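Structure record follows, encoded as structure tokens.
The values are calculated or read from the model by the stated rules, or taken from the named source; none is laboratory data. Predicted, not measured: the structure shown is a model, and the values here were computed from it. Methodologically, a virtual Cβ is constructed for each residue, glycine included, from the backbone with ideal geometry; neighbour enumeration extends over all protein chains shown. Note: areas computed on protein heavy atoms with side chains; ligands, DNA, RNA excluded. Shrake-Rupley method; radii C 1.70, N 1.55, O 1.52, S 1.80 Å.
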Amino acid sequence: MTDDDVMVTIPVIDFNAYNICVPCDRVQDEKVVKLSKQLADTFSTVGFVYLKNHGISEEEIENLRDKSKSFFDEPEEVKFPYKRPADGSSYNGWVPVEAEKLNPKRNFADLKEAYNYSPGPDFDQDIVEVKGFTKTMSNFYEKCTDLAYRVLDLMAIGLEMKDKDYFRKCHHIGSNENTTTLRCLYYPPLPENSDEDKPDQVRCGEHSDYGSITLLYQDQVGGLEVQTCNGNYIPATPIEGTVLVNLGDMMQRWSADKFLATKHRVLIPKEDDKKKTFRQSFAFFVQPDNNYRVCPINGSNKYQPITSTEYLKMKFTQTY
């Protein structure tokens, strides 16, 4: 890490003026403009930001954390019927440990497991072994949807678009034409000497997210690192009461590189006590509508038009 990296910090922005408890039509224009400028400045440099006073309670976050932990604690034979389809026909379901490799250049798959949820008839039925898990995910999904739309509003303003609802109109989150997903992530404790057997393995390989924006809720264990403009990594230390927001590849394409989709990773901890500690997080991956063709809003040809579905298929081919 260089001296320049030490000076890089992920800003904390107070979102109280536009949080999900405040009716959108009652927010003063000057407060909206101020927030949009703060986000635009951050997304054009660091690419990550902490939002405090966002409106989702710690109780709701803790409830989902407890439910998801109960699911991940179940034996594999219990989780297997809920496995994500291998043919890619759905993004929903359980993803086993070492099923993904987000950085294809690494020798070993990621040491994590996950459960993906988005609304739909196949995944709105409760998981029998963890009563209330699906309902808890559904409620949390709705809250994240509201928060995501507000962030997208501010990004449209920050990009000086005439219509601040532009991004809302091509993100029908929760509908059949959109694959925005809530992902519960679980990083298990490391078995003894596992780092010696697989020295190149990480909990989550270096990558940028694929969609528009991501809302990330961390526990206090930490481990997430964010790449700086120098190519080095700095810690994204958990801050209680905040949600960490970052941009995905589709938003970078939309903005013609004005906004950055920053790479990030989760390494294996070096400290023995942290190696024996599990880690949890929730990521709300916001995607444009499946068939919406994303191209630079400034009219340039910096990126060729591509749909969310086309881009996801390309990235998932590399990941699985």
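Every condition in (1) open to solvent by less than 50 Å² (accessible area, probe 1.4 Å); (2) under 22 Å from residue 104 (Cα atoms); (3) modelled with pLDDT under 95; (4) of a type outside the set (D, E, K, R) holds for residue 262 except the one numbered (3).
Part of a helix (DSSP H, G or I) and at pLDDT below 95: does that describe residue 145? In short, no.
Any residue that is open to solvent by less than 80 Å² (accessible area, probe 1.4 Å), touching a strand residue (DSSP E or B) at 6+ places or on another chain (Cβ under 8 Å) and under 19 Å from residue 50 (Cα atoms) - is there at least one of those in the stretch 285-303? Checking the stretch 285-303: at least one residue is open to solvent by less than 80 Å² (accessible area, probe 1.4 Å), touching a strand residue (DSSP E or B) at 6+ places or on another chain (Cβ under 8 Å) and under 19 Å from residue 50 (Cα atoms). So which residues in the stretch 217-266 are out of contact with any Leu (no Cβ under 9 Å at 6 or more places or on another chain) and among the polar types (S, T, N, Q), if there are any at all? Result: 220, 227, 228, 230, 232. Screening residue 53 on (1) open to solvent by 40 Å² or more (accessible area, probe 1.4 Å); (2) more than 21 Å from the chain's Cα centre (by Cα); (3) on the phi > 0 side of the Ramachandran plot shows it passes everything except condition (2). In this structure, does residue 210 turn out to be of a type in the set (Ser, Thr, Tyr) and over 12 Å from the mean Cα position of the chain (by Cα)? Taking the combined requirement at face value, the residue does not satisfy it.
Could you check the stretch 56-69 and list, in sequence order, the residues that are open to solvent by less than 40 Å² (accessible area, probe 1.4 Å) and under 17 Å from residue 14 (Cβ atoms)? Break it down into steps so the answer makes sense when it comes.
Just the residues of the stretch 56-69 that are open to solvent by less than 40 Å² (accessible area, probe 1.4 Å), to begin with: 56, 61, 64-65, 68.
Residue satisfying the conditions is 56 alone.
Within the stretch 12-27, count every residue that is open to solvent by less than 20 Å² (accessible area, probe 1.4 Å) and part of a helix (DSSP H, G or I). Residues that pass the stated criteria total 1.
In the stretch 164-178, is there at least one residue being open to solvent by 30 Å² or more (accessible area, probe 1.4 Å), within 25 Å of residue 34 (Cα to Cα), assigned to a loop (DSSP other than H, G, I, E, B) and touching a helix residue (DSSP H, G or I) at 6+ places or on another chain (Cβ under 8 Å)? Yes, some residue in the stretch 164-178 is open to solvent by 30 Å² or more (accessible area, probe 1.4 Å), within 25 Å of residue 34 (Cα to Cα), assigned to a loop (DSSP other than H, G, I, E, B) and touching a helix residue (DSSP H, G or I) at 6+ places or on another chain (Cβ under 8 Å).
Scoring residue 118 on the criteria (1) touching a helix residue (DSSP H, G or I) at 6+ places or on another chain (Cβ under 8 Å); (2) surrounded by fewer than 19 Cβ atoms within 10 Å (Cβ to Cβ); (3) among the small types (Gly, Ala, Ser) leaves a single failure, condition (2). Mind listing just one residue for me: the one in the stretch 142-163 that is touching a helix residue (DSSP H, G or I) at 6+ places or on another chain (Cβ under 9 Å) and under 17 Å from residue 244 (Cβ atoms) and, of those, most open to solvent (accessible area, probe 1.4 Å)? Per the stated criteria, the residue is 143.
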